[in-house]
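Heads up, the thing below is written out as structure tokens.
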Amino acid sequence: MRRLLRFSIRLLLVLILCAAALGLWKREEISRLLAVNSLFDAGKIVQNFSHMDQLFLHRSLSRGQGPVAELTPGPYAALSPDAQQWVKDRAVTGLVILHHGQLVHESYYLGTAPQDLRISWSVAKSFLSALFGILHSEGMIPSLDDPVEKYAPLLKGSAYEGVSVHDILTMSSGVAFNEDYLDFNSDINRMGRVLALGGSMDEFAASLKHRASAPGSQWHYVSIDTHVLGMVMRGATGKDIPELMETRLLAPLGLEAAPYYLTDSAGISFVLGGLNLRTRDYARFGQMVLQDGQWQGQQVVPADWIKLSTSPQAKDGTAYGYQWWIPPQASRGEVMAQGVYGQYIYINPSMSVVIAVNAADRDFEAEGVNDANIAMLRKIAAGL
């Protein structure tokens, strides 16, 4: 009996030591997994969205050596009572409004500050589209009809084989992908756990084997399409996205602060939703797009690409451009970069308005919320 007791105690000690060793070995992965599981909790979401670099692997991007592009103050535009209520209801954390290129409103909420680098979520897709347009104009990826595996051979044998660059730009790859953020086992949440546990986003994309429809035949929002776009750009240039982004897009914009990308364990940037900037810098990007790609006297993004990418391009007629959203009954050039939990860059050329919104709206998927947000953005623009 005593021998059995001693053996049991020794076994327990060994198990405890093994568990402790495993905990130390996998400490960072466990920490990131815990961060993923509590990322959107009511008491943490606001803090998390302004400090993603404390939770995940990341890579800083250079803003370049040039001066900050000034946002000239214009006549102050106070928010109407219903806009103030919208800010509260939608858990808005940052709001910057430009009118005729002038800063007419800036406000921050829920304890956040102007200096916060805020998570873009899918607003990052529109930044990548702009960068792609620059590379396309340089001849790096000459044809949108090229199959993605021409530039990303890892995708051979996956559901992406035979999918064109045009198809992924328009979210029409046909790849089966569950984008339900509220479903723990959805593809989008499995992808999040790849980031948390140190996996490879490239390998995750290549592991997708099933199609829901023929490539190009049907618009279906699939976030991993944007990662594949990044793979194409890396393969075509031999450079990573941060290096391309820094020199061709960020430096000319004259940002206030160096942004950063979330990354996987291989250092590959989370281009579909991991960009982090100040709200004012999101507005600067939007103003550049409103000005047909011109900024500070420089043609940063080709004007014809701005026109193409912000116009409906999906072959089934869906109002979606090249990684840009076109709102219902859009006026000429009216377009949005949009991300989950209430991130927007709203651009209305006819009113010469850009509105950058950051938020931590846990009810963003509730019925009617997105339509109400668009209506409010239009109302704010019309009231200037």
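Every number here is computed from the coordinates shown, using simple stated rules; none is lab data. Note that the structure is a prediction, hence the values are computed from the model and not measured. When we count neighbours, we look across all protein chains shown, and the Cβ atoms used for this are built from the backbone with ideal geometry, even at glycine.
Return the Cα extents of the stretch 272-384 along principal axes one, two and three, sorted largest first, each rounded to a whole Å.
Principal axes ranked by extent give 40, 36, 33 Å for the Cα atoms.
Figure the gain on full extension for Gln102 and Lys307 (residue separation times 0.36 nm, minus the Cα-Cα span) and round it to one decimal in nm.
Values: separation 205, 0.36 × 205 = 73.80 nm, distance 2.28 nm.
Working it through step by step, the gained length comes to 71.5 nm.
Which of these values of Rg/Rh (Cα atoms, Kirkwood Rh) was calculated from the structure shown: (i) 0.95; (ii) 1.02; (iii) 0.97?
Matching the structure shown: (ii).
Report the label-to-label distance for Ser217 and Ala113 in nanometres (one decimal), using points 7 Å from each Cα along the Cα→Cβ vector.
5.4 nm
Starting from the Cα of Asp363, step 7 Å along the direction of its Cβ; do the same at Thr72; then give the gap between the two resulting points in nm.
Distance between label points: 4.1 nm.
Placing +1 on the Cβ of each Lys and Arg and -1 on the Cβ of each Asp and Glu in the chain, which of Phe204, Gly66, Gln102 has its Cα farthest towards the positive end of the resulting dipole?
Going by the charge dipole, the pick is Phe204.
Residue farthest toward the positive end of the dipole of the stretch 122-247, with Cβ of Lys/Arg at +1 and Asp/Glu at -1: which of Asn189, Leu128, His220?
Going by the charge dipole, the pick is Asn189.
Would you kindly state how much longer the chain becomes between Glu161 and Ser137 on full extension, computed as 0.36 nm times their sequence separation minus their alpha carbon distance, in nm to one decimal? Please report the intermediate quantities before stating the final value.
Values: separation 24, 0.36 × 24 = 8.64 nm, distance 2.46 nm.
Length difference between fully extended and current span is 6.2 nm.
Largest first and in whole Å, what are the equivalent-ellipsoid semi-axes of the stretch 59-200 based on the Cα gyration tensor, each being the root of 5 times an eigenvalue? Write out the running numbers ahead of the final one.
Working: eigenvalues 263, 107, 49 Å².
Gyration-tensor ellipsoid for the stretch 59-200: 36, 23, 16 Å.
Helix by helix, which DSSP H runs in the chain go 30 Å or more along their axis at the Cα atoms and have an average Kyte-Doolittle hydropathy of 0.0 or more?
Values: long enough: 2-25 (34 Å, 1.58).
In the chain, the long hydrophobic H runs are 2-25.
Give me the percent relative contact order of the stretch 57-168, please, defined on Cα pairs under 8 angstrom at least 6 residues apart.
Relative contact order of the stretch 57-168: 15 percent.
Using the Cα gyration tensor of the stretch 207-337, with a ≥ b ≥ c the square roots of its eigenvalues, what is the shape: rounded (a/c below 1.5), prolate (a/b larger than b/c) or oblate (neither)?
On the way: a/c = 1.89, a/b = 1.10, b/c = 1.71.
The shape class here is oblate.
Charges on Cβ only, +1 for Lys and Arg, -1 for Asp and Glu, centred on the Cα centroid of the chain; of Thr237, Pro327, Ala381, which one is farthest towards the dipole's positive end?
Of the candidates, Thr237 comes out farthest on the positive side.
Distance check, please: which entries in Lys209/Lys315; Lys125/Lys156; Lys307/Lys379; Lys156/Lys209; Lys150/Lys315 exceed 20 angstrom between their Cα atoms? Write out the running numbers ahead of the final one.
Working: Lys209/Lys315 23 Å; Lys125/Lys156 24 Å; Lys307/Lys379 24 Å; Lys156/Lys209 10 Å; Lys150/Lys315 22 Å.
Checking Cα-Cα distances, Lys209/Lys315; Lys125/Lys156; Lys307/Lys379; Lys150/Lys315 exceed 20 Å.
Using unit Cβ charges (K, R positive; D, E negative) and no other charged atoms, how large, in debye to the nearest 20, is the dipole of the chain about its Cα centre? Provide the component values of the computation, followed by the final result.
Values: 32 positive and 37 negative charges, 276 e Å.
I would put it at about 1320 debye.
Calculate, for Lys44 and Ser186, the FRET efficiency according to 1/(1 + (r/R0)^6) with r their C-beta to C-beta distance and R0 22 Å; round to the nearest 0.05. Don't skip to the answer; put the middle values down first.
Working: r = 21 Å, r/R0 = 0.95.
Plugging the Cβ-Cβ distance into 1/(1 + (r/R0)^6) gives 0.55.
Tell me, what is the percent relative contact order of the chain, built from C-alpha pairs under 8 Å that lie six or more residues apart?
Numbers: 740 pairs, mean separation 88.0, N = 384.
Here the relative contact order equals 23 percent.
5 Å is the cut-off here: which amide hydrogens, built 1.01 Å from N in the peptide plane, fall below it relative to Trp121, excluding neighbours closer than 5 in sequence?
Answer set, sorted by chain and number: Leu275.
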